[in-house]
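**Student:** A single structure is presented below for examination.
The values are calculated or read from the model by the stated rules, or taken from the named source; none is laboratory data. Just so you know, these numbers come straight off a predicted model, no measurement behind them. Counting neighbours? That spans all protein chains shown, and the Cβs are built from the backbone with ideal geometry, glycine included.
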Amino acid sequence: MRRFRFAALAPVLLLFVLFGYVLYPLATTISESVHINGRLSLVHYFDLLNPANTASWEAVWNSVYVSFLSVLCSGLVGVLFAFVLTQMDFPLKNTISRLVVLPIALPPLVGVISFLFVFGESGILPRIVQLLIGSKPFGLDGISAIVVVHTYSFYVYFYLFVSTALRQLDSSLLEAASGLGGSAWNNFRRVILPELRPALTAASILTFMASMASFSAPFLFGGEKRFMTLQIYSSKLNGELSTASAQAVGLTVVSVAFFVVLRMSANASRLSRRNRGAVKSRPIEVGRRTKRLLIGVCVLTIIFEILPLLTIALISLAKEGSWTWQILPTAYTFDNYLKLFSDPHVFDPIRNSLLMTLVTLIAALIVGVSAAYFVTKGRSRTSKTMADVLVTLPFAVPGTVVAFSLILAFSSPNFFSGYKTLIGTFWILPLAYFVRTFPLIVRSTSASLEQMDDSLMEAGQTFGAGLIMRFRKIALPLILPGIVSGSMLVMIAALGEFVSSILLYTYSSRPISVEILSQLRTYNFGAASAYCVFLLVLVLTVISAANRLLTRHRHGDQAINF
Amino acid sequence: MINLSLQDVSKNFKALSVVSNVNLEIQAGEFFSIVGPSGCGKTTLLRMIAGFESPATGRILIGGHDMTRIPPEARSVGMVFQNYALFPHMTVFENVAFGLQAKKTPKKEIQIRVENILEAVHLTEKIHTPVPNLSGGEQQRVAVARALVVEPTVLLFDEPLSNLDVTLRVSTREEIRMLQRRTKITTVYVTHDQSEAMSLSDRIAVMRSGAIEQIGTPSEIYESPRSPFVAQFLGGANLLTGSIDLVSNALVVDGWKFPLSSGLAYPRKGPVRVAVKPEAISLFEYGTGGDVDGVIQEAEYLGFTTNFKVLVHGISLRVTAMSSMLSTRLALGSKVGVSIDLSRSTLFSGD
């Protein structure tokens, strides 16, 4: 009697998903990009790379330019926060360190819109300034607006990576350096900076990739300017599928290249961090004046960050038509919120988003957990490495490309779509969400699985516990933190997803994000804001529920009973 | 009654043979140890008994039933893992009760049996403590209790004491021995520590490169090792290579002659190897006795005994002597007389 092996099922499922919904759509895209009228040809690439094609080059230049600026600004803000919050003590520290990670929970579209309301050309701040001095001195627009929004969304990467590195910084290194007579500046340059380099590199690459793939900010702030993601979108809208394919392949190649560098540098830094036991960490000494200055800058930045959120909450209460040329809305009402649930037409997008998130979560859990099991506990090393790389591939592919490749792959019935046309249906959206988010569950779950000793399951076996009991009573409680935090990230991403949705939705399957955009287009700022606030509340609920689950689990050792 | 039997069991990982043609018969209630250096295949053998690995050839019988292809959960085998493998998210009670719950034992009975076994391992007070809050020795005892409470047909230990400090190791091993005597569960104990195996076991199997070199009681193996390897591994014996001189009826090592006692069986011809136990070598004050002269290279005072390394004719010999006035006076570099009691040594043919 051969016994049933879960480990044998996992790779089959994983292979099916990776091949059917990641590799096959990408291959279709590549194939589309090298064909013209059914013949093999590189003409689309020649067109794009033709020096005379200024539109194409402008898009590349703008994307790269904005991405570099975003890395620079996010780096400055993130490192500043990391430095101040790990090395200094001041009254508001706890509040600030909680607020500082908030942007990561913010759906990209919500962030963009809230900035638009405060700092945009007709935003509240420029209007106030105009009232005070008579002329409109500024108004975030174009490149500067995009960079500001990117900084707002991505500095958290720098903050998290660098503050971890700073906490691990062994202060005996600094003591040794000063003992050898190094000046403060020299110590920073020659001792601290090299220690932070892996963190800075990783955060830079992550920010660069996210900026290259960014869609919402250029879409709303870009105006006439061209960006690589927007080019794909507009080519698709114009029905130029081959051109869009070539553009998608180009953007993917750039992203994947950066992703490979990221993985390599992450592996290298992981090696150098190993075998480092408990380190003693003492604050780096800074002059009193500098300290005050730095803390001041941080507090101002946090206010600058919260302002848009407060604004969006305010505008969500604005009566329709009461905010046109005025600085602030003139009349307030709860109608926007009441309508969310009373008007079925208004509720539709909410129902869609919730359903899609649920479908995404279930699929991502099934595939993600079994993939994690295979990646960590599989027997063959080469297939494990391959699976690991393939599973993280969707991370590196921009959302616009994921959506576009799904359009190409599933616009006609085939095996992986269950012989149905998926495009134009409800299901294509959760499919795109799933492809983009299931690696999150693989990541977090395999991290917990790696820490689980194999002998625990073996011990369970010797007691006659079957597979289901072993999984439920031994493995599940131990990997639950990983599953919960992965699920949290999946839900946050799916609830506010915009980048793929905008390419895939139909009227009846429109999610919240798409509806926000259409309300904005029809100048229903109050309704748009109410959706935004609702989305924010959903996301924060998910986060706090996950946190509660995690803490209960951590302290629950005595509470578990049969 | 034979309770566990391995018949021609072999195992290889790809081209590498890790266990070859092992035959073992272990009696019901016996405490049986498998010793050998790391990499000798002893843990793989144990894992095959448990069912985590399946043998390439051969059969494994537990309680008279062929279990070769039966998964671990159906074997009625208990195991104490090297790292204990306690479930970190459970209390002591939950860990110990796990096996009984898996067998759908009534709740009341679980309560009683868990309490009894915890009393036996002196952990009654810790019954509701989460296992991560226990000390290493306590965790070890929980692991033993957890494996014992289900009353398995065979109990397996995989180097269970290697994570404990020396004093704890000795006291815990006495406790394991006592528990085993009381419960009379057939036990297979894998270790690389020969003193652990000697002190615990009814019988020992010495393994080397995947094969069993010798099976016997501790004294059988110690007193009459069947191979130079066994003599060295279990007795820490000195291995001397030489030949037999029939004229003077002596063993010649590097021109150094030793009279052969009549009781010793030895080959008539060719090179021989002699395993000489450290305690079969006697030291004398220089000029007062001994067959040959030597120089003290190292002295390690252990209280009751002293370990020496003595250089004789270019060969370094390990010597264990009872500490005495003499042994305390033997400083490094001092000369001594050396004699060997060959009647307590073992001769092997040289090839």
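**Student:** Taking the range A:319-350 as the region of interest, how many residues are of a type in the set (D, E), within 27 Å of A:L307 (Cβ to Cβ) and modelled with pLDDT of 80 or more?
**Tutor:** Let us first name the residues in the range A:319-350 that are of a type in the set (D, E), namely A:320, A:335, A:343, A:348.
Now restrict to residues that are within 27 Å of A:L307 (Cβ to Cβ): A:320, A:335.
The next check asks that each one be modelled with pLDDT of 80 or more; those that pass are A:335.
Result for the range A:319-350: 1.
**Student:** Let me ask you something else. Tell me, which residue of the range A:111-130 that is assigned to a helix (DSSP H, G or I) and more than 26 Å from the chain's Cα centre (by Cα) is nearest to A:Y523 (Cα to Cα)? Spell out the reasoning first.
**Tutor:** Pass one, the range A:111-130, residues assigned to a helix (DSSP H, G or I): A:111-119, A:124-130.
Checking which are more than 26 Å from the chain's Cα centre (by Cα) leaves us with A:124-130.
Numbers: A:I124: 15, A:L125: 19, A:P126: 19, A:R127: 18, A:I128: 20, A:V129: 23, A:Q130: 22 Å.
Here the answer is A:I124.
**Student:** Turning to a different aspect of this structure: If only one of A:A203, A:A165, A:A177, A:A145 is among the hydrophobic types (A, V, I, L, M, F, W, C), assigned to a helix (DSSP H, G or I), over 25 Å from A:A59 (Cα atoms) and modelled with pLDDT of 80 or more, which one is it? Before you say what the answer is, go through the steps one by one.
**Tutor:** Numbers: A:A203 fails: over 25 Å from A:A59 (Cα atoms); A:A177 fails: modelled with pLDDT of 80 or more; A:A145 fails: over 25 Å from A:A59 (Cα atoms).
Among A:A203, A:A165, A:A177, A:A145, only A:A165 is among the hydrophobic types (A, V, I, L, M, F, W, C), assigned to a helix (DSSP H, G or I), over 25 Å from A:A59 (Cα atoms) and modelled with pLDDT of 80 or more.
**Student:** Residue by residue through the range B:60-86, note down the ones that are crowded, with 21+ Cβ neighbours inside 10 Å, part of a loop (DSSP other than H, G, I, E, B), more than 7 Å from chain A (Cβ to nearest Cβ) and in contact (Cβ under 8 Å) with a residue 24 or more places away in the chain.
**Tutor:** The answer is B:R75, B:Y84, B:L86.
**Student:** If you don't mind, there's one more thing I want to ask. For the range A:322-353, name all the residues that are within 21 Å of the chain's Cα centre (by Cα) and free of Cβ contacts under 8 Å to residues at least 40 places away in the same chain.
**Tutor:** none
**Student:** Now for a separate question. Of all residues in the range B:37-57, how many are within 14 Å of another protein chain (Cβ to nearest Cβ) and in a loop (DSSP other than H, G, I, E, B)?
**Tutor:** 4
For (1) within 26 Å of the chain's Cα centre (by Cα); (2) among the polar types (S, T, N, Q), each residue gets a yes or a no:
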| site | (1), (2) |
| --- | --- |
| B:E109 | no, no |
| B:R113 | no, no |
| B:N116 | no, yes |
| B:I127 | no, no |
| B:P152 | yes, no |
| B:F157 | yes, no |
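The rows are residues; the columns are (1) crowded, with 21+ Cβ neighbours inside 10 Å; (2) more than 12 Å from the chain's Cα centre (by Cα).
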| site | (1), (2) |
| --- | --- |
| A:T462 | yes, yes |
| A:R470 | yes, yes |
| A:L480 | no, yes |
| A:A493 | no, no |
| A:S500 | yes, yes |
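**Student:** Here are B:T105, B:T57, B:T129, B:T91: which of them is surrounded by 20 or more Cβ atoms within 10 Å (Cβ to Cβ) and among the polar types (S, T, N, Q)? Walk me through it before giving the result.
**Tutor:** Numbers: B:T105 fails: surrounded by 20 or more Cβ atoms within 10 Å (Cβ to Cβ); B:T57 fails: surrounded by 20 or more Cβ atoms within 10 Å (Cβ to Cβ); B:T129 fails: surrounded by 20 or more Cβ atoms within 10 Å (Cβ to Cβ).
From the options B:T105, B:T57, B:T129, B:T91, the qualifying one is B:T91.
**Student:** Taking B:I34 as meeting all but one of (1) within 14 Å of another protein chain (Cβ to nearest Cβ); (2) buried (at least 23 other Cβ atoms within 10 Å of the Cβ); (3) touching a Lys or Arg at 6+ places or on another chain (Cβ under 8 Å), write down the number of the exception.
**Tutor:** So B:I34 meets the others, but not (1).
**Student:** Turning to a different aspect of this structure: Determine which member of the set A:L365, A:L422, A:L406 is at pLDDT 80 or above and surrounded by 19 or more Cβ atoms within 10 Å (Cβ to Cβ).
**Tutor:** Details: A:L365 fails: surrounded by 19 or more Cβ atoms within 10 Å (Cβ to Cβ); A:L422 fails: at pLDDT 80 or above.
A:L406 is the lone residue from the list that is at pLDDT 80 or above and surrounded by 19 or more Cβ atoms within 10 Å (Cβ to Cβ).
**Student:** What is the number of the single condition among (1) under 17 Å from B:Y84 (Cα atoms); (2) free of Cβ contacts under 8 Å to residues at least 60 places away in the same chain that B:M198 does not meet?
**Tutor:** (1)
**Student:** I would also like to ask the following. Can you list the strands (runs of 3 or more DSSP E) lying wholly within the range B:184-262 that have 2 or more residues being at pLDDT 90 or above? Please lay out each step first, then the result.
**Tutor:** Values: elements: B:186-191, B:203-208, B:211-216, B:238-245, B:250-253, B:256-259.
Per the criteria, B:186-191, B:203-208, B:211-216.
**Student:** With the structure loaded, tell me whether A:T86 is hydroxyl-bearing (S, T, Y) and farther than 30 Å from A:L406 by Cα or whether it fails that test.
**Tutor:** Yes.
**Student:** Right, another one. Somewhere in the range B:105-127, is a residue under 30 Å from B:S38 (Cβ atoms) and within 9 Å of chain A (Cβ to nearest Cβ)?
**Tutor:** no
**Student:** Also, quick follow-up: Does B:F98 meet the test of being assigned to a loop (DSSP other than H, G, I, E, B), of a type in the set (F, W, Y) and either within 14 Å of another protein chain (Cβ to nearest Cβ) or surrounded by 22 or more Cβ atoms within 10 Å (Cβ to Cβ) (or both)? Break it down stepwise before answering.
**Tutor:** Numbers: assigned to a loop (DSSP other than H, G, I, E, B): no; of a type in the set (F, W, Y): yes; either within 14 Å of another protein chain (Cβ to nearest Cβ) or surrounded by 22 or more Cβ atoms within 10 Å (Cβ to Cβ) (or both): yes.
No.
**Student:** Next question. Select the helices (runs of 4 or more DSSP H) contained entirely in the range A:1-83, then report the ones holding at least 3 residues which are free of Cβ contacts under 8 Å to residues at least 24 places away in the same chain, closer than 30 Å to A:G378 by Cβ and of a type outside the set (V, I, T). It would help to see each step written out before you state the result.
**Tutor:** Values: elements: A:6-18, A:24-33, A:43-49.
Because the criterion is at least 3 residues that are free of Cβ contacts under 8 Å to residues at least 24 places away in the same chain, closer than 30 Å to A:G378 by Cβ and of a type outside the set (V, I, T), the helices (runs of 4 or more DSSP H) in the range A:1-83 that meet it are A:6-18.
**Student:** Could I ask something else about it? Is it the case that some residue within the range B:229-242 is surrounded by fewer than 18 Cβ atoms within 10 Å (Cβ to Cβ) and among the hydrophobic types (A, V, I, L, M, F, W, C)? Talk me through it step by step, then tell me what you get.
**Tutor:** Start the filter on the range B:229-242 by keeping residues that are surrounded by fewer than 18 Cβ atoms within 10 Å (Cβ to Cβ), which leaves B:232, B:236, B:239, B:241.
Narrowing further to those that are among the hydrophobic types (A, V, I, L, M, F, W, C): B:239.
Looking for residues that are surrounded by fewer than 18 Cβ atoms within 10 Å (Cβ to Cβ) and among the hydrophobic types (A, V, I, L, M, F, W, C), one finds at least one in the range B:229-242, hence yes.
**Student:** Continuing with the same structure: Look at A:T95 and say whether it is surrounded by fewer than 13 Cβ atoms within 10 Å (Cβ to Cβ) and either at pLDDT 80 or above or assigned to a loop (DSSP other than H, G, I, E, B) (or both).
**Tutor:** yes
**Student:** Mind telling me which of the residues A:L293, A:L314 ends up being in a helix (DSSP H, G or I) and loosely packed, with under 13 Cβ neighbours inside 10 Å?
**Tutor:** Details: A:L314 fails: loosely packed, with under 13 Cβ neighbours inside 10 Å.
None of the others qualify; the one that does is A:L293.
**Student:** For B:G29, only one of the following conditions fails: (1) more than 23 Å from B:P152 (Cα to Cα); (2) outside any strand (DSSP E or B). What is its number?
**Tutor:** For B:G29, the exception is condition (1).
**Student:** Can you confirm whether the range A:428-450 contains a residue that is among the aromatic types (F, W, Y) and without any contact (Cβ under 8 Å) to a residue 40 or more places away in the chain?
**Tutor:** We begin by selecting, within the range A:428-450, every residue among the aromatic types (F, W, Y); these are A:433-434, A:438.
Then keep just the ones that are without any contact (Cβ under 8 Å) to a residue 40 or more places away in the chain; that gives none.
No, the range A:428-450 contains no residue that is among the aromatic types (F, W, Y) and without any contact (Cβ under 8 Å) to a residue 40 or more places away in the chain.
**Student:** Which of the following residues is among the hydroxyl-bearing types (S, T, Y) and without any contact (Cβ under 8 Å) to a residue 40 or more places away in the chain: B:T43, B:T57, B:T105? Spell out the reasoning first.
**Tutor:** Working: B:T43 fails: without any contact (Cβ under 8 Å) to a residue 40 or more places away in the chain; B:T57 fails: without any contact (Cβ under 8 Å) to a residue 40 or more places away in the chain.
Answer to the check: B:T105.
Residue-wise test of (1) in contact with a Leu (Cβ under 6 Å, 6 or more places away or on another chain); (2) within 13 Å of chain A (Cβ to nearest Cβ); (3) not in a loop (DSSP other than H, G, I, E, B).
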{"site": "B:E151", "(1), (2), (3)": "no, yes, no"}
{"site": "B:L156", "(1), (2), (3)": "yes, yes, yes"}
{"site": "B:P160", "(1), (2), (3)": "no, yes, no"}
{"site": "B:L164", "(1), (2), (3)": "no, no, no"}
{"site": "B:R169", "(1), (2), (3)": "yes, no, yes"}
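**Student:** Check B:P218, B:P225 and return the single one that is in contact (Cβ under 8 Å) with a residue 40 or more places away in the chain and either in contact with a strand residue (DSSP E or B) (Cβ under 7 Å, 6 or more places away or on another chain) or not aliphatic (A, V, I, L, M) (or both). Please lay out each step first, then the result.
**Tutor:** Values: B:P218 fails: in contact (Cβ under 8 Å) with a residue 40 or more places away in the chain.
Just one listed residue meets the conditions, B:P225.
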